[in-house]
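The values are calculated or read from the model by the stated rules, or taken from the named source; none is laboratory data. All values derive from a computational prediction rather than experimental measurement. Positions of Cβ are generated from backbone atoms using ideal geometry, with glycine treated the same way; all protein chains shown enter the neighbour counts. Ligands, DNA and RNA are stripped out before the accessible areas are found, and what is left, the full protein with its side chains, is counted by its heavy atoms. Shrake-Rupley method; radii C 1.70, N 1.55, O 1.52, S 1.80 Å.
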Amino acid sequence: MSSQGTKRKRDQESSDSDSSIESPLTDMGIMLKAKKIMKRVTDILVRTDIMHKDIIISKIEKMNNVSKKATIGIFGKSGEGKSSLLSAVLGTRDLLPSGCFGACTAVVTQVEANLTDSNYIAEIELYSNEEWEKELKDLFRVLSDESEDRDDDMFQIAVEKITALYGADADKKTLEELQEDERFAEIETFLSCNKKTISNNDVSKFSNDVASYIIHSEASPGGWYWPLVKSVTFKVPDCHNLLEHIVLVDIPGSGDCNKLRDDKWKSKLRECSSVWIVSDIKRATTDKDPWGILNLCIEELGPEGECKRINFICTKTDDINAPAYIRSARLTISEDKSLNDQKKVCILHRNELSKTRVKEKFENSEIKKRFSTATDDNFLNVFTVSSNAFFEHNLILGPSETEIPKLRDDPRILNKNINRELTSDYVNEAREVLSLIQSVQLDRDKKTEETKVKVCMELENNLKKALNELDSRFDTIYTNLEKFLSKGVDESVQLCVASTKAIIAPNIDRRGFHKILQALCKNGGCYWSKNWDVILDLNRQLGKHLHENIYEYFNLIFPVTGTTGKSVQEQIDKFSIIQSDSASPGSPILHHIQNFIKTVETNLKTLLKRVVVDRKKKIYSSIQTTIEKEMSSYYEQAAAVTGIGSMKKRQELLITAVDEIKHDMFNKAKIEMLTSFKNLKLEIKNALEFGLNESMKLSLSETSNVKMMDVSREIEQLERLAEQLSN
């Protein structure tokens with residue numbers, strides 16, 4: 001194919017597509033237009049001999065395989081209306097079986113979009129036979145514990161699991177007797193597949209099919225498989241605009257026998273970009289559960305995570321006794337109003353009152369102080385919803401007054417923002433590829449070659465200079481972080497024994513505390529009751545003073561949103577090897593080299609944003625991880641103590657251990673955090689250095705004598721698409 005023929009044909013193709021870019025496009029329209037441009041370029045590339053052809057095609061293929069998901073975590077006890085709420089938000093009544101959210105502590109349930117067909121799908125991850133065999137032994141070990149230290153919560157969970165699977169009174173049998181039960185063999189066969197998929201386009205049949213895997217019924221024990229389930233992923237059709245890039249995750253909490261699932265739960269928390277706290281409106285401000293859950297999760301959602309927003313959702317707003325509410329609230333309502341109108345006045349009055357009280361409680365809480373983004377007026381939003389009224393088109397409440405449409409806007413807007421980010425990333429990467437194509441086809445004259453050498457030397461010098469400047473800025477952050485950590489180590493060494501005593505030997509009447517202490521030792525220093533009324537975490541308490549000393553500075557260098565002037569990301573954004581006083585290339589083709597390098601820089605910085613978010617979680621959690629590791633053997637020793645006076649012996653053992661290892665433990669925690677930060681610095685520098693060096697080699701390498709492609713028109717089209725996105 002001659003270059004003249006290629007150019008004439010491409011000019012016609014490009015001209016045909018110009019008009020459609022002139023009019024404003026949606027994000028999806030921009031993405032489709034950009035992909036159409038790159039498809040046309042790829043089709044010509046495969047028939048054309050051009051330098052770095054394989055590398056360029058590989059870059060385009062990677063662009064087409066990028067995906068991104070945001071996680072919304074949902075908290076709340078069973079019975080608070082979570083299942084109905086999610087069904088309403090998704091627009092399908094009874095989609096999720098009542099009680100499937102929060103019915104059992106073990107199962108992590110999530111909802112995402114089915115983008116392939118019109119079926120409702122449930123992907124159920126099961127234990128392996130080996131994992132269940134170990135779990136079953138642990139359950140029977142709990143059931144057989146008749147000591148005074150027995151953890152009643154763990155005992156109750158064990159009873160629920162055994163009877164749910166094997167039927168009433170199965171918990172009264174021995175493990176050997178249970179193995180003779182015909183259901184035991186059935187379950188072994190059932191677990192051999194490790195994964196089960198249920199699919200149906202009838203939502204009612206689908207809901208019935210999945211019920212036995214995710215809900216618990218004390219009234220009809222036996223044949224409920226949720227104890228065998230690790231996680232369930234629902235895929236819902238026809239919600240492209242709502243959940244294409246969103247995952248809704250029910251985070252059921254802890255209190256299970258298996259600590260590994262507690263770790264999985266915590267990792268899910270760290271992924272949440274926002275959380276929904278669900279509570280019955282009657283208990284929204286007085287019930288300690290939602291606030292206790294939030295308080296427990298502060299570290300994972302805040303400095304350890306990426307939570308930018310909290311929605312507090314008061315449910316069942318239409319469940320109200322109007323006459324009683326009128327008396328208690330001292331409302332004056334005209335007797336001419338119908339009973340329905342009176343009820344509506346009561347509902348709306350209580351809704352506004354609940355919103356005010358929830359916001360006041362949050363403003364005055366310690367929770368707010370632990371979120372760096374909580375100063376944003378939109379960080380906490382309160383919704384008062386009625387799922388029943390939304391579906392029944394209740395004459396008392398209109399659709400907007402149920403607030404389901406308003407709540408639905410939350411994931412829809414987040415989904416739209418991610419679409420825009422992906423579109424922007426695609427357009428920028430497309431510009432990078434086309435700039436590379438243009439830059440490797442240099443004019444064949446001596447002056448251009450001389451300029452090329454000059455540009456190459458300038459870019460190499462600029463790269464060294466920019467890396468040194470970045471290194472210096474990171475060293476300043478490191479020095480400040482070390483200063484705050486050192487102060488935290490000193491305070492921790494001074495106060496750790498008192499902190500330990502406050503957790504494991506409180507000076508108050510704590511009847512039954514020996515059971516709690518035993519459970520804490522068995523669970524590696526953590527205990528939270530099934531009903532969230534008792535929450536103890538010795539590891540977190542020991543790391544408290546380290547975290548408090550770095551907290552403010554950590555939020556400056558790793559803010560969840562916005563700029564601080566000192567953040568790691570802002571230091572990366574300052575990095576550039578294309579200086580304003582760079583030599584201006586005389587050749588238009590050489591101009592494309594600088595454009596290519598600049599685009600590579602931009603795309604590298606975009607990729608590093610995700611790296612920074614992921615690594616900062618590890619950096620912050622390294623303190624508690626180190627403490628857990630240093631304390632683990634002492635927890636095991638304390639858990640093994642039995643007999644008369646065992647509680648006092650455990651307390652003395654742990655207090656003595658903390659006192660003996662405090663200097664070493666807290667200094668290790670400090671060193672581990674600093675090392676993790678240093679590793680992040682090296683990862684960032686290496687990514688920038690390698691990426692830009694490779695790009696310079698590609699664009700400034702030996703060139704072929706024949707210019708085969710001209711993509712200047714496509715570059716102009718992508719520039720206009722990028723401008724539309726920025727506007």
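Conditions tested, residue by residue: (1) of a type in the set (A, V, I, L, M); (2) touching a Leu at 6+ places or on another chain (Cβ under 9 Å).
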{"residue": "Leu348", "(1), (2)": "yes, yes"}
{"residue": "Asn351", "(1), (2)": "no, no"}
{"residue": "Lys355", "(1), (2)": "no, no"}
{"residue": "Phe379", "(1), (2)": "no, no"}
{"residue": "Val382", "(1), (2)": "yes, no"}
{"residue": "His393", "(1), (2)": "no, no"}
{"residue": "Gly398", "(1), (2)": "no, no"}
{"residue": "Thr402", "(1), (2)": "no, no"}
{"residue": "Arg412", "(1), (2)": "no, yes"}
Inset, instruction - Among the residues of segment 174-185, write down those that are open to solvent by 40 Å² or more (accessible area, probe 1.4 Å) and within 16 Å of Lys161 (Cα to Cα). - result: Thr174, Gln179, Arg183
Inset, instruction - Name the single residue, out of those in segment 163-208 being touching a residue at least 40 places away in the same chain (Cβ under 8 Å) and β-branched (Val, Ile, Thr), that is nearest to His514 (Cα to Cα). - result: Thr163
Inset, instruction - Out of the residues in segment 302-317 that are closer than 23 Å to Val385 by Cα and crowded, with 23+ Cβ neighbours inside 10 Å, state the one that is nearest to the chain's Cα centre (by Cα). - result: Cys307
Inset, instruction - Would you be able to say whether some residue in segment 439-450 is in contact with a Lys or Arg (Cβ under 7 Å, 6 or more places away or on another chain) and modelled with pLDDT of 85 or more? - result: no
Legend entry - Whichever residue in segment 217-230 is open to solvent by less than 20 Å² (accessible area, probe 1.4 Å) and not aromatic (Phe, Trp, Tyr) and, among such residues, is farthest from Arg420 (Cα to Cα): Gly222
Legend entry - Pairs with Cβ under 8 Å, 6+ apart, first in segment 679-698 and closer than 20 Å to Ile578 by Cβ, second open to solvent by 80 Å² or more (accessible area, probe 1.4 Å) and basic (Lys, Arg): none
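Here is a list: Asp149, Asp171, Asp153. Which entry is in contact with a helix residue (DSSP H, G or I) (Cβ under 7 Å, 6 or more places away or on another chain) and at pLDDT below 85? Break it down stepwise before answering.
Working: Asp171 fails: at pLDDT below 85; Asp153 fails: in contact with a helix residue (DSSP H, G or I) (Cβ under 7 Å, 6 or more places away or on another chain).
Asp149 is the lone residue from the list that is in contact with a helix residue (DSSP H, G or I) (Cβ under 7 Å, 6 or more places away or on another chain) and at pLDDT below 85.
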Legend entry - Hits in segment 673-727 (condition: among the β-branched types (Val, Ile, Thr) and either open to solvent by less than 80 Å² (accessible area, probe 1.4 Å) or at pLDDT 85 or above (or both)): Thr675, Ile684, Thr703, Val711, Ile715
Inset, instruction - Only residues in segment 56-81 that are part of a strand (DSSP E or B) count as the first member; pair them with residues that are modelled with pLDDT of 85 or more and open to solvent by 50 Å² or more (accessible area, probe 1.4 Å), Cβ under 7 angstrom, at least 6 apart or cross-chain, and list the lot. - result: Thr71/Glu271
Legend entry - Which numbered condition Met709 fails, given (1) among the hydrophobic types (A, V, I, L, M, F, W, C); (2) in a helix (DSSP H, G or I); (3) in contact with a Leu (Cβ under 9 Å, 6 or more places away or on another chain): (2)
Legend entry - Residue selected from segment 361-372 under the condition part of a loop (DSSP other than H, G, I, E, B) and either in contact with a strand residue (DSSP E or B) (Cβ under 7 Å, 6 or more places away or on another chain) or more than 16 Å from Trp276 (Cβ to Cβ) (or both), by the criterion least open to solvent (accessible area, probe 1.4 Å): Ser365
Inset, instruction - Please tell me if Glu432 is on the phi > 0 side of the Ramachandran plot and open to solvent by 10 Å² or more (accessible area, probe 1.4 Å). - result: no
Inset, instruction - Please go through segment 456-490 and pick out each residue that is β-branched (Val, Ile, Thr) and open to solvent by less than 20 Å² (accessible area, probe 1.4 Å). - result: Ile477, Val489
Legend entry - helices (runs of 4 or more DSSP H) enclosed by segment 137-236 - at least 1 residues per element that are farther than 30 Å from Thr642 by Cβ: 152-166, 182-191, 203-214
Legend entry - Pairs with Cβ under 6 Å, 6+ apart, first in segment 549-574 and closer than 17 Å to Phe379 by Cβ, second of a type in the set (Phe, Trp, Tyr) and surrounded by fewer than 18 Cβ atoms within 10 Å (Cβ to Cβ): none
Inset, instruction - Tell me which of these Ile655 doesn't satisfy, since it passes every other one: (1) within 30 Å of Thr423 (Cα to Cα); (2) surrounded by 13 or more Cβ atoms within 10 Å (Cβ to Cβ). - result: (1)
Inset, instruction - Looking at (1) open to solvent by less than 30 Å² (accessible area, probe 1.4 Å); (2) touching a strand residue (DSSP E or B) at 6+ places or on another chain (Cβ under 6 Å), find the lone condition where Ile535 falls short. - result: (1)
Legend entry - Residue within segment 338-360 that is more than 33 Å from the chain's Cα centre (by Cα), free of Cβ contacts under 8 Å to residues at least 40 places away in the same chain and surrounded by fewer than 13 Cβ atoms within 10 Å (Cβ to Cβ) present: yes
